[in-house]
Structures are given as C-alpha cells and as structure tokens.
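A short write-up of the structure that comes next.
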Amino acid sequence: MNFSIKALAISTLVSMSFSSHAGEFSCSLYGNVDCAEHIKKLVTDKFTSKFPSTKFEIVAVSEFQVYSDGGGVGYAVVGVVPKVSESDKYGNLSLFPIRRFSATRRITGQDISPYQKTQNEIEVLQSAVEGMMEACHRDKACNVMTMR
C-alpha cells in the first residue's frame, strides 16, 4: 500500500512537470481545429507576459486540402493582434495580423484519410505558432506584433 502511494505521488509530480504551460492567452482560429487546445503547450510565459489575454489575442488561419489523386497541401498563418472592443456588438471580431508567421506542408503520392487531414492541419498550425514563439524568444522585448 505504501509503495503504491509513493508511485502515485511520483507519477503525479512527473506528469505535472511535463504539463506546465504559459499563462492565459486568447486564440481566434479561422480553420477546422481547436486553436487553444493544440497550441497551449507552445505558448511561452514571455509571450503571455508581453501580450496579456485581456488585451491581445493570437489570430490563426489554417487549412489542409486533400488532392483528388492523393496527397494534399496545408498552410497556417498566425500572429498577435489587439482584441477588438466592438466584438460584443457584432459577434467575435478579430483583426488580421500585420506581422505574420506561417508554415506550409505538401504531401504527395499517398491517400490522406480524414484523420490524417486533421492531424496535418494541427501540425502546420503548431509549426507556425512555434515560429512566432521562437521569434519572441530571440527578441529581448518579444516584438512579434506590428501596428499601423
């Protein structure tokens, strides 16, 4: 009994150390997957400190199209923008980011199942977000947003 409690405690601590992620963030996605769910482990503390969820959001556009003769192509474009205050009047509104981070993927010569289509869209979205987080990390002030 004592051994199983220790094992449970150790496994809980180990799982907690791997599941930690940055503070809150907002994400609006124009695509077919759950943006926040699939990028939450990628968003860094430095990013959420610079862009609090009360004032900013990540905007993403992603898609994966399957070719009729096999294979397919996908893309994702992400960026951070100020939240639009008029969203309550008109539904959920988001600006399109001026500074964008993108990723693409092309697959040829194989059939793509609906599950694989979704997985490819998730992976290309994650790749674009990773690019934005890397740029934030490299810049002392995390300047990954451009305003006009």
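The values are calculated or read from the model by the stated rules, or taken from the named source; none is laboratory data. Just so it is clear, the structure is predicted and the values come from calculations on it, not from any experiment. With ideal geometry, Cβ positions are generated from the backbone for all residues, glycine too; neighbour counts draw on all protein chains shown.
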(message) Every residue in the stretch 45-62 that is surrounded by 19 or more Cβ atoms within 10 Å (Cβ to Cβ) and either in contact (Cβ under 8 Å) with a residue 40 or more places away in the chain or of a type in the set (D, E, K, R) (or both), please.
(response) F47, F51, E57, I58, A60, S62
(request) Could you figure out which of (1) in contact with a helix residue (DSSP H, G or I) (Cβ under 8 Å, 6 or more places away or on another chain); (2) surrounded by 15 or more Cβ atoms within 10 Å (Cβ to Cβ) isn't true of T104? (result) (2)
(request) Tell me, yes or no, whether the stretch 47-59 has at least one residue that is closer than 19 Å to E134 by Cβ, at pLDDT 95 or above and among the charged types (D, E, K, R). (result) yes
(request) Answer with yes or no whether V78 is under 18 Å from E24 (Cα atoms), assigned to a loop (DSSP other than H, G, I, E, B) and touching a helix residue (DSSP H, G or I) at 6+ places or on another chain (Cβ under 6 Å). (result) no
(request) Return a yes/no flag: does the stretch 46-53 have any residue that is in contact with a Lys or Arg (Cβ under 7 Å, 6 or more places away or on another chain) and of a type outside the set (G, A, S). (result) no
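Which residues, counting only those in the stretch 72-83, are surrounded by 15 or more Cβ atoms within 10 Å (Cβ to Cβ) and either over 17 Å from T146 (Cβ atoms) or touching an Asp or Glu at 6+ places or on another chain (Cβ under 9 Å) (or both)? Give the steps one after another, and end with the answer.
To start, the set of residues in the stretch 72-83 that are surrounded by 15 or more Cβ atoms within 10 Å (Cβ to Cβ) comprises 72-81, 83.
Passing the criteria: G72, V73, G74, Y75, A76, V80, V81, K83.
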(request) Quick one: I112 ticks every box in (1) within 30 Å of S49 (Cα to Cα); (2) out of contact with any Lys or Arg (no Cβ under 7 Å at 6 or more places or on another chain); (3) among the hydrophobic types (A, V, I, L, M, F, W, C) except a single one, so which number is it? (result) (1)
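Return a yes/no flag: does the stretch 115-128 have any residue that is surrounded by 13 or more Cβ atoms within 10 Å (Cβ to Cβ), among the aliphatic types (A, V, I, L, M), in a strand (DSSP E or B) and at pLDDT 95 or above. If you could, list the steps in order and put the result at the bottom.
Initially, the stretch 115-128 is screened for residues surrounded by 13 or more Cβ atoms within 10 Å (Cβ to Cβ), giving 116-128.
Then keep just the ones that are among the aliphatic types (A, V, I, L, M); that gives 122, 124-125, 128.
Keeping just the survivors that are in a strand (DSSP E or B) gives none.
No, the conditions are met nowhere in the stretch 115-128.
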(request) For the stretch 27-40, indicate whether the set of residues that are hydrophobic (A, V, I, L, M, F, W, C) and at pLDDT 90 or above is non-empty. (result) yes
(message) For the list (1) under 16 Å from the mean Cα position of the chain (by Cα); (2) surrounded by fewer than 19 Cβ atoms within 10 Å (Cβ to Cβ), I need the number of the one condition that Y67 fails.
(response) (1)
